[in-house]
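The structure under discussion appears below in the form of structure tokens.
Only the coordinates and a few stated rules stand behind these numbers; no lab work does. All values reported here derive from a predicted model rather than from experimental measurement. Note: ideal-geometry Cβ built from the backbone for every residue, glycine included; neighbour counts use all protein chains shown.
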Amino acid sequence: MPRDGTASPFAHPGFRWFAVSLVAATLAIQIRSTVVAWQIYDLTGSVLALGLIGVAEIIPFLACILPAGALADRRDRVGVMRWALAIHLLCALGLAAVALLPGLPGQMWSIIAAVALGGLARAVLMPARTALSSEVAPRELAERVARWRSGLFQVALVAGPALGGLIYAYGGAAIAYACDAVLIVVAAVALFGIGRNRPGAVQPPAGGAGGIGEGVRFLLGQRVLLGASALDMFAVLFGGAVAMLPAFAKEVLQVGPEGLGALRAAPVVGAACTAAILAWRPPFARAGRTMLLAVVLFGLCMIGFALSTALWLSLVLLALSGAADQISVVVRQTLLQVLTPPHLLGRVSSVNAIFIGSSNEVGALESGVAAKLLGLVPSVIVGGSLTIAVTAVTAWLVPDLRRLGRIRPPEGPR
């Protein structure tokens, strides 16, 4: 039993099946992204090409994310997720086919096209899954659900890159993409177990679900949530070195695909361990200050990682960065789940995803361009320094975030 005496969301069958689907889909997508990154770097040897992967995914993602959020509020969220997983399955099968035909003309561009299809699938999946998480357990467990959902996501992020690196090293790309496809099928089948097991489901207000703009207006009116989302976005945009890990693995640390898998797994090992601790602890008493300090620590870890030439030290620093990032994620996701009315969660999640979901891909392009202009190591040092600077600016511009205590639902009717 958690220390604060609240019930576990795992007492509810809907949440258990939701957890299976979340973990399986995340494992699949992480295996895919690890193998794609190594394939592209092997084909081109270019850090700029690694950034191109992010651009290929973010264009369809940004084009579709707002309509997908409205769809998640208008349609059955389980059904929307099934369609998204079907697109992910098509992406995995396409990549497997390309891997089985190594002499195929334009192989790199075929991979980029599959990545773009994955961006479309992610746009459809993300808001529906976030909104569905508010239905599979009672509303009063929203904060506990946010912590467990984030923790399970991080566990899958730990295993995914490590599995991707190992499978690619010993079985090849085609086998890795086949594993990706099988896991997507598992994720889709698990959704059938949710059915009507949705104790947190609510009916939308009279007059229908409303338009896309309603989610935008709601988020703009929530200064603390908006500030937390913007801070998280800039931290990933400037401070993340994930897109450059293949280059660090090959050029700085001189390790192969197994080493790349370990490097990609290290941040999420730290995040998963932190998530496991947070899931059983009471809510943060000073959530705002905790988040700000965590982002500063994240920036410092990125600077240290850039300067490291030892694999063990790089892994430790990346793990610490993941732990710091997880604290930030928990605060932001709890704010999103607790402050947003359930009938708006799809649209607000889609707007929030423009901040958070896009920052990884735009950050990948930024990292590639910066590495090309400044050099690999200096670009990450500058990025970590900018992350710390942005945190200081956010604390000054959004004092309500700095003073935020325990996160509680707003007073009055929802």
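Values as computed for the structure displayed
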item	result
Cβ-based exposure ranking for MET108, MET244, MET291, in which fewest neighbours within 10 Å come first	MET108, MET244, MET291
Cα-centre dipole for the chain with unit charges at Cβ (Lys and Arg positive, Asp and Glu negative), debye to 20	1140
The range 227-386, relative contact order in percent, only Cα pairs under 8 angstrom and at least six apart counted	41
Length released on extending from VAL185 to THR44, taking residue separation times 0.36 nm less the Cα-Cα span	47.6 nm
Cβ-derived FRET efficiency at R0 30 Å, ALA169 paired with ALA310, nearest 0.05	0.90
Global size of the chain as Cα Rg and Dmax, reported in angstrom	20.2, 64
The range 47-135 - charge dipole about Cα centre, Lys and Arg +1 at Cβ, Asp and Glu -1, debye rounded to 20	120
Protection proxy ranking, peptides 346-352, 388-394, 245-251, 81-87, average beta carbon neighbours within 10 Å, highest first	346-352, 245-251, 81-87, 388-394
Helical contribution to [θ] at 222 nm, DSSP H n ≥ 4, -39,500 (n - 2.57), averaged over the chain, rounded to 500	-26500 deg cm²/dmol
J(HN,Hα) series, the range 115-125, from Karplus relation 6.51 cos²θ - 1.76 cosθ + 1.60, nearest Hz, glycine and proline x	4, 4, 4, x, x, 4, 4, 5, 4, 6, 6
Calculated from backbone phi, Karplus (6.51, -1.76, 1.60) coupling profile of the range 170-179 in Hz, x at Gly/Pro	10, x, x, 5, 4, 5, 4, 5, 5, 4
Sites VAL382 and SER8, calculated FRET efficiency, Cβ-Cβ separation with R0 51 Å, nearest 0.05	0.70
Rough spin-label spacing in nm, given labels placed 7 Å along Cα→Cβ, for LEU100 and ARG217	5.2
Relative contact order [Cα under 8 Å, 6+ residues apart], the chain, whole percent	28
Gain in span if fully extended, ALA63 to VAL255, counting 0.36 nm per residue against the direct Cα distance	65.4 nm
The range 255-303: trypsin sites (Lys or Arg not before Pro) falling in loop per DSSP and having at most 14 other Cβ within 10 Å	ARG286
